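Taken together, the values in this text are just the output of simple stated rules run on the coordinates, not laboratory data. Small disclaimer: the values here were computed from a predicted structure and weren't measured. Because the Cβ atoms are built from the backbone with ideal geometry, glycine has one as well, and the counts that use them run over all protein chains shown.
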Amino acid sequence: MERNRSERIALAGIALGLFSMDEVADVLAARQRWDGDPGRAPPILSILRSRGLLDAEKERMLEGMVGAKAVVRLGGYEIHERIGRGGMGVVYRARHVELDREVAIKVLASKWKTQARFVEQFLQEARA
């Protein structure tokens, strides 16, 4: 699936420090408004390009790193796929490598980082 490949490329870019988890979460949130008509949704990589986060050279490098079944490693986690998104952010299925345990990683959308109410709600959910 093309969308899955684009997400893996975006995650590889995070792992290499080309863009932040927040930037990718914001891109995925921008796509959310198109979900009613997926044929009109701009590709993830196009949005990254339009925001100046990705150029042709970086994209070629990332595509070379990401195979059909590639897993992106970020810190002590292997990020496998996006499993959800909502108004507050994006959730990824991952594996904690050292503990060999499946986890969910939720990333708060950057637009909410300065809103104390949303940050507190996000932290409460994380603690639960």
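Key figures for this structure:
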read-out: Spacing of the two label points (7 Å from each Cα toward its C-beta) at R93 and D55, in nm; value: 3.7 nm
read-out: Diffusion constant of the chain at 10 °C, which comes from Stokes-Einstein with the Kirkwood Cα-pair radius and 1.306 mPa s, µm²/s; value: 104 µm²/s
read-out: Virtual spin-label span in nm between V103 and R33, 7 Å along Cα→Cβ; value: 3.3 nm
read-out: Phi-based couplings in Hz for region 90-102 (Karplus 6.51, -1.76, 1.60; Gly and Pro marked x); value: 10, 10, 10, 7, 9, 10, 6, 4, 5, 8, 6, 9, 5
read-out: Amide H contacts under 5 Å for R73, placed H, 5+ residues apart; value: I79
read-out: Solvent-free Debye scattering, log10 I(q)/I(0), computed from the Cα coordinates of region 68-128 at q = 0.13, 0.16, 0.25 Å⁻¹; value: -0.40, -0.58, -1.05
read-out: Amide H contacts under 5 Å for M88, placed H, 5+ residues apart; value: none
